[in-house]
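Since the structure comes first, as structure tokens, the remarks are kept for the end.
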Amino acid sequence: MPDISLTTVVLLCLAALVAGWIDAVVGGGGLLLLPALLLGLPAGTPAAHALGTNKAVAIVGTTGAAVTYARKAPVDVRTAVRIGLAALAGSSGGAFFAAGMSTEVLKPVIMVVLLAVAAFVIFRPAFGTAPATGPAGPRRILAAIGLAGLGIGFYDGLVGPGTGTFLVLALTAVLHLDLVAASATAKIVNCCTNAGALATFAWQGAVLWQLAALMAVFNLAGGMFGAHTALKKGSGFVRVVLLTVVFALVANLAYEQWVA
């Protein structure tokens, strides 16, 4: 474990707790967790170690949220696992290419996409609030495997922040799920994307396991509580959190692109 103060460790654990809650409700916990690690780790620590530790923490909270959702929400686990296996392959590939590829060009594109998504959600109040229309057909499942699995999985390994939010949006649009069911399904898929990226980072020796284990306890608590909150409050609440996280993600990317 790196030489960091007790105060910093406590703050990182609190960040992991809040990030777990956000991630369980609508995704995007990495918006808080990854910057916290980048700021909290000693100067000179390779960025890859922050990325790898972030994945080791996030996978625990995501798994806790997925289990909580699977027990109480109508989740098609078989479909989620199929998408998740594609996401695992995509995130492994993304993490492999992350070291040699600049993500600076991608950030403006991602910002435009997110703003378009936010506008769509704002002007379509019914988006994700109607009950699911029934089991998805083979074509929709195949489209979800390609977009939410391989595509967003690759993004998760390559860039990362906002993956859970993208998954919720993609699953809602492609599989015609309500936002709570989409969040539940996204957690299962996100477990796989985290596992794929984490395996690559672990193979590269870029995970601070002791720090990750401590933060993971708090992330797990936040994730399980967030899943309970989403199940209790319903799709309308998730929609508000979704828009908040989307705008926060845009602001974060804009700051990194033009200010930092």
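The values are calculated or read from the model by the stated rules, or taken from the named source; none is laboratory data. This structure is a prediction, so every number in the text was calculated from the model and none was measured. FYI the Cβ positions are ideal-geometry reconstructions off the backbone, even for glycines, and counts take in every protein chain you see. The area values use the complete protein model at the heavy-atom level, side chains included, leaving out ligands, DNA and RNA. Shrake-Rupley method; radii C 1.70, N 1.55, O 1.52, S 1.80 Å.
Numerical summary
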{"read-out": "Single match in Leu211, Leu167, Leu242 (criterion: within 19 Å of Gly151 (Cβ to Cβ) and out of contact with any His (no Cβ under 8 Å at 6 or more places or on another chain))", "value": "Leu167"}
{"read-out": "Search result, residues across segment 1-53 that are at pLDDT 85 or above, open to solvent by less than 30 Å² (accessible area, probe 1.4 Å) and not hydrophobic (A, V, I, L, M, F, W, C)", "value": "Gly20, Asp23, Gly40, Gly52, Thr53"}
{"read-out": "Those residues of segment 107-124 which are over 27 Å from Thr79 (Cα atoms) and modelled with pLDDT of 70 or more, in sequence order", "value": "Pro108, Met111, Val112, Leu115, Ala116, Ala119, Ile122, Phe123"}
{"read-out": "Test: Phe201 is more than 20 Å from Gly20 (Cα to Cα) and surrounded by 21 or more Cβ atoms within 10 Å (Cβ to Cβ)", "value": "yes"}
{"read-out": "Residues of segment 157-213 satisfying the condition of being acidic (Asp, Glu) and in contact (Cβ under 8 Å) with a residue 60 or more places away in the chain", "value": "none"}
{"read-out": "Near pairs, Cβ below 9 angstrom, 6+ apart or cross-chain, from segment 56-78 (over 26 Å from Gln204 (Cα atoms) and open to solvent by 60 Å² or more (accessible area, probe 1.4 Å)) to any residue that is of a type in the set (Gly, Ala, Ser) and not in a helix (DSSP H, G or I)", "value": "Pro74/Ala132; Asp76/Ala136"}
{"read-out": "Sole exception among (1) part of a helix (DSSP H, G or I); (2) over 17 Å from the mean Cα position of the chain (by Cα); (3) at pLDDT 85 or above for Tyr255, by number", "value": "(3)"}
{"read-out": "Pair list, Cβ under 6 Å, 6 or more apart: segment 1-25 residue more than 14 Å from Leu39 (Cα to Cα), other residue among the polar types (S, T, N, Q) and open to solvent by less than 40 Å² (accessible area, probe 1.4 Å)", "value": "Gly20/Asn219"}
{"read-out": "Flag for Gly28 being part of a helix (DSSP H, G or I) and in contact (Cβ under 8 Å) with a residue 12 or more places away in the chain", "value": "no"}
{"read-out": "Qualifying residue in segment 220-231 (condition: out of contact with any Pro (no Cβ under 8 Å at 6 or more places or on another chain), surrounded by fewer than 24 Cβ atoms within 10 Å (Cβ to Cβ), at pLDDT 85 or above and not hydrophobic (A, V, I, L, M, F, W, C))", "value": "yes"}
